[in-house]
Amino acid sequence: KPSGPGKAAVRFFSSQVASDSDLALLKSQQLHSSKKRPSKSPKSLLSNFPYFKTMVRMVALSGAALLLAALQRADAANVEIDGMKHDIQGITMSNFDGVISKFRDSAVSSLWFYKKDSSADAAVLEEYNKAAADMKGMAKVCAISCTDWPVFCEKQGVKETPTIMIYPPNPMPAFKYEGKMEGKAISGKVAKFIPDFSTKLTKDTADTWLTTDPTKPKVILFSNKKTAPTIWKALSSETVFRRTVRFGFVSEEDADLVQKFKVKKFPAVVLQHGAKAEKREEYKGDMKFTALKDWVNLHSESGMGDKVRSSSGAEAEEAEEAKPWLVQEIPELTAKSHNDICFKGEGLCVIYLAEGEISAAETEMLTGLSRKFTSQLSDRGAKMKWMWINLAVETEYKNLFEPAMLPSAVVFNPHKRLRFAKLDHGEDNEVKGDEQGLTALMEKVLGGDARFKMVPGQKLPSWAQRAAPAPKKKKSEL
């Protein structure tokens, strides 16, 4: 049992702070002891008191540092997921099915198996939380304590922690994550399995896509990237949006579509809605998942007539038929389109007669004439609707119109008595079916000088029956 100077030193170390009274007591005890027992050393402990004082303080501080480090290690090994400061969703054995298994047809999830007293798990907590923040709203980033639920962890084949399991959409099986335990690496792996229900649009497919399922708004992302980003895939696969909204993607490389939608900067998000997709809105907020989701949700419809699709792209219900002619400036006159673009509406129909498909130059010419005469007629209450017909396919209409040469044109009056006025090519066919010839025909009609011919029997000829285009096979995401 220590006594004298040793007793004071022990008391001093225990307090971790050397007070003045402690030092005074130590000094007096040393003086008393030195009188009883002469020191064998040349210098007494008293004469070295400043050095002794310094050493005691150093020992005290070292002890405090060791104690603090031990406490920090103990605290670091205590893994605790706090809903107020972490984006990780903590789950239990009882709600695993409701949180993860139930949504595996259309969503991806990750699950971190950890032990509360594991220093290795403690080191993963912040990185896994970074992954949860990156994927917030887009995928479920969950965690479960094997300290609390050891039987569940054992049934899942987890023998050590930390272990992260990835649960991709069915039918892909769950698998163990083998990458770096870093936030970006984990979120990147999860993002790869988010289903993409958006449609890559081109100038050939955009019109059909815009008019398919007219009750649903169409949201298009214009990007300088070649493929849809993670945010866009996540929006397109969101549970409600899959039934109520259609998502499209346009790359900057598709200059025709970019010009058509008048997009000037990237990325840009445009929403088209209405029966003819005639209403347009542009997103002005931050390009963040939650902000975009809230904006799209404002326009989300009930989804009547939708095709409910699984993650594999299978379609369970028949969707509303596409009507691309509703959004085309110069649509083609066919069995399916003729009522919408000519025969059931107001005004006269200007029909460009072609032998085969029309060229881009012809489309541009007709578009220019349409805009020109629409402007001239705007204050007269008259309406002219412009379109074209392929007489190589619609042979019955070639017999009806009997054009002297092709290309040509007619102005058709579809109301009350069916009748039409033909472009007069002249006795020697010197008048061509070009911009000048069509302008002359329009001026005759508007001036009241055109001669209209009645449709025999007041019955339209039969339309050609065209085969529906074969659906394109989608590439597997596997």
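Below, the figures for the structure above:
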{"read-out": "Test: residue in the range 232-248 that is surrounded by fewer than 20 Cβ atoms within 10 Å (Cβ to Cβ), under 15 Å from the mean Cα position of the chain (by Cα), without any contact (Cβ under 8 Å) to a residue 60 or more places away in the chain and under 29 Å from Trp325 (Cβ atoms)", "value": "no"}
{"read-out": "Residue match in the range 417-436 (condition: outside any loop (DSSP other than H, G, I, E, B) and more than 16 Å from Tyr352 (Cβ to Cβ))", "value": "yes"}
{"read-out": "Every residue from the range 187-197 that is open to solvent by 20 Å² or more (accessible area, probe 1.4 Å) and touching a helix residue (DSSP H, G or I) at 6+ places or on another chain (Cβ under 8 Å)", "value": "Asp196"}
{"read-out": "Options Ala421, Ala409: the member that is within 24 Å of Val327 (Cα to Cα) and touching a strand residue (DSSP E or B) at 6+ places or on another chain (Cβ under 9 Å)", "value": "Ala409"}
{"read-out": "Listing of helices (runs of 4 or more DSSP H) fully contained in the range 235-300 that carry 1 or more residues being of a type outside the set (Lys, Arg) and more than 21 Å from Asp196 (Cα to Cα)", "value": "255-260, 289-298"}
{"read-out": "Selected residue (criterion: nearest to Phe103 (Cα to Cα)) from residues of the range 198-208 that are open to solvent by 10 Å² or more (accessible area, probe 1.4 Å) and in contact with a strand residue (DSSP E or B) (Cβ under 6 Å, 6 or more places away or on another chain)", "value": "Ser198"}
{"read-out": "Residues of the range 83-123 that turn out to be touching a Pro at 6+ places or on another chain (Cβ under 8 Å) and under 24 Å from Asp196 (Cα atoms), as a count", "value": "5"}
{"read-out": "Members of the range 148-173 found to be open to solvent by 70 Å² or more (accessible area, probe 1.4 Å) and not aromatic (Phe, Trp, Tyr), listed by number", "value": "Asp148, Pro150, Val151, Glu154, Lys155, Lys159, Glu160, Pro171, Pro173"}
{"read-out": "Close pairs (7 angstrom Cβ cut-off, 6 or more residues apart or separate chains): within 30 Å of Ser237 (Cα to Cα) in the range 152-175, basic (Lys, Arg) and open to solvent by 50 Å² or more (accessible area, probe 1.4 Å) anywhere", "value": "Thr163/Lys176; Met165/Lys176; Ile166/Lys189"}
{"read-out": "Some residue of the range 392-403 being over 12 Å from Tyr352 (Cα atoms) and in contact with a helix residue (DSSP H, G or I) (Cβ under 7 Å, 6 or more places away or on another chain)", "value": "no"}
{"read-out": "Filter result (out of contact with any Asp or Glu (no Cβ under 9 Å at 6 or more places or on another chain) and either free of Cβ contacts under 8 Å to residues at least 40 places away in the same chain or assigned to a loop (DSSP other than H, G, I, E, B) (or both)) within the range 438-449", "value": "Gly447, Gly448"}
{"read-out": "Selection from the range 259-280 of residues that are modelled with pLDDT of 90 or more and surrounded by 13 or more Cβ atoms within 10 Å (Cβ to Cβ)", "value": "Val263, Phe266, Pro267, Ala268, Val269, Val270, Leu271"}
{"read-out": "Selection status of Asp213, under 21 Å from Met135 (Cα atoms), assigned to a loop (DSSP other than H, G, I, E, B) and of a type in the set (Asp, Glu)", "value": "no"}
{"read-out": "Qualifying residue in the range 330-339 (condition: among the hydroxyl-bearing types (Ser, Thr, Tyr), open to solvent by 50 Å² or more (accessible area, probe 1.4 Å) and at pLDDT 90 or above)", "value": "no"}
{"read-out": "Among the candidates Ile166, Ile194, residue that is outside any loop (DSSP other than H, G, I, E, B) and under 20 Å from Arg104 (Cβ atoms)", "value": "Ile166"}
{"read-out": "Residue check for Lys398: open to solvent by 30 Å² or more (accessible area, probe 1.4 Å), farther than 21 Å from Gln328 by Cα and modelled with pLDDT of 95 or more", "value": "yes"}
{"read-out": "Among (1) acidic (Asp, Glu); (2) at pLDDT 90 or above; (3) in contact with an Asp or Glu (Cβ under 7 Å, 6 or more places away or on another chain) - the single one Asp213 does not satisfy", "value": "(2)"}
{"read-out": "Test for Ser375: is it among the hydroxyl-bearing types (Ser, Thr, Tyr), at pLDDT below 85, closer than 18 Å to Val240 by Cα and out of contact with any helix residue (DSSP H, G or I) (no Cβ under 9 Å at 6 or more places or on another chain)", "value": "no"}
{"read-out": "Among (1) charged (D, E, K, R); (2) at pLDDT 95 or above; (3) loosely packed, with under 14 Cβ neighbours inside 10 Å, the one test that Glu443 misses", "value": "(2)"}
{"read-out": "Candidate set from the range 78-109 (those that are hydroxyl-bearing (Ser, Thr, Tyr) and assigned to a loop (DSSP other than H, G, I, E, B)); member that is most open to solvent (accessible area, probe 1.4 Å)", "value": "Ser94"}
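The values are calculated or read from the model by the stated rules, or taken from the named source; none is laboratory data. None of the values given here were measured: they were computed from a predicted structure. Heads up, the Cβs are rebuilt from the backbone with ideal geometry, glycines too, and the neighbour counts pull from every protein chain shown. For accessibility, only protein heavy atoms count, side chains too; no ligands or nucleic acids. Shrake-Rupley method; radii C 1.70, N 1.55, O 1.52, S 1.80 Å.
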